[in-house]
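Have a look at the structure below before the remarks.
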């Protein structure tokens, strides 16, 4: 059971090859801040099929418990382990979860992306997307706290440690990192990596292959002789130290999910692909601020030759203009001060204290 000086929080999220790892990654970022301030943290959910993510959880000493589907049963579990608060991060969760937990006295923080996940009743709502607007709807208590936009974006320690890194100018070919989430559930890499190679520039592409099948498909690109003179394709497995890898590259081509905010924090030039509909809000906001270049949606890149040609031209321009790429990256980094998780933890602490005082 927690003591007043050591509150206990549950993180209700899941990660798998099908779901991806974005929800868990931002919960782990919050966990880093909570653990640093003396909280106890328990992950209530399923983390399967992704060894490096399982290592990330275990390396923090976070206990993992299976999550019951029924909100009432989940509330009883939180009572049993003594949780003062819970973070809900998942669009698939029962819509009655937040209300059931609040009725038992648990402080609820709901992590949302625009309207995605915003159907929960909560004490606090966190939407860390650029220019996020207020969460509203009949389920939102009028007194609920709203933690909106990049001032509240969550970063893991590994990202913050790389924030001021800059790649050295060596005269080498540009290094381009391609990564599409921890699982690349949509199979974006074999669609997008050929577009980077089609620029015809002497680039060193570091392609993250989330599965063995994706790795085989990517290596076949090099075997097929599709590389321009001076170009090189290096295929790697997923790594928990992605921030350090990204910080040393001249361009990062990635899905427009949680990793976008990490790249802004790092000051890494980025080209974004919208691989899922819930990424539209963040993608459009970033394009509006001109802090990264956009390659459009994955569906269009699969099916539309004009979209592919436009993406190749955009990538070629980004690689040919390092000054412009640096300008966008610096402007993006200026939007992020790296203290978002501290603000979220402080808001959660205030909510728990207020709930305790009212009890």
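With all pairs of different alpha carbon atoms counted, what Kirkwood hydrodynamic radius in Å does region 162-303 show?
The Cα-based Kirkwood calculation yields 15.2 Å.
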**Request:** Have a look at the DSSP beta bridges in region 159-333 and tell me what percent are antiparallel, nearest 5.
**Result:** 0
**Request:** Based on a Kirkwood Rh over C-alpha pairs, give the Stokes-Einstein translational diffusion coefficient of region 1-102 at 37 °C and viscosity 0.692 mPa s in µm²/s.
**Result:** 238
**Message:** Under a crude label model (7 Å from the Cα following the beta-carbon direction), how far is residue 321 from residue 52 in nanometres?
**Reply:** 3.2
**Request:** With both partners inside the chain, how many of the DSSP beta bridges are antiparallel, as a percent to the nearest 5?
**Result:** 5
**Message:** Let's test the formula: R0 of 30 Å, r as the Cβ-Cβ distance of residue 337 and residue 37. What FRET efficiency results, to the nearest 0.05?
**Reply:** 0.95
**Request:** Order the peptides 95-101, 329-335 from the highest to the lowest mean number of other Cβ atoms within 10 Å of their residues.
**Result:** 95-101, 329-335
**Theoretical ellipticity at 222 nm over the chain - DSSP helices of four or more residues, -39500 (n - 2.57) apiece, nearest 500** = -12000 deg cm²/dmol
**Message:** What is the distance in Å between the Cα centroid of region 221-259 and that of region 6-36?
**Reply:** 26
**Item:** Peptide ranges 124-133, 61-70, 231-240 listed from the most packed, as the mean C-beta count within 10 angstrom indicates
**Value:** 124-133, 231-240, 61-70
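At a Förster radius of 30 Å, what calculated FRET efficiency corresponds to the Cβ-Cβ distance of residue 103 and residue 66, to the nearest 0.05?
Once the sixth-power term is evaluated, E becomes 0.85.
Viscosity 0.890 mPa s, temperature 25 °C: Stokes-Einstein D of region 281-341 from its Kirkwood Cα radius, in µm² per second? Present the calculation step by step, with values, prior to reporting the outcome.
Values: Rh = 13.0 Å.
Translational diffusion coefficient: 189 µm²/s.
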**Request:** Take the Cβ-Cβ distance between residue 236 and residue 355 as r, set R0 to 45 Å, and report the resulting FRET efficiency rounded to the nearest 0.05.
**Result:** 0.50
**Asked** Where does the chain land on Rg(C-alpha)/(2.2 N^0.38 Å)?
**Response** 1.01
**Complete:** Mean shadow area (nm²) of the C-alpha convex hull around region 102-226 is 11.9
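Each reported figure results from applying straightforward, stated rules to the coordinates on display, with no laboratory input. All values reported here derive from a predicted model rather than from experimental measurement. Quick reminder, even Gly has a Cβ in these numbers, built from the backbone with ideal geometry, and neighbours come from all protein chains shown.
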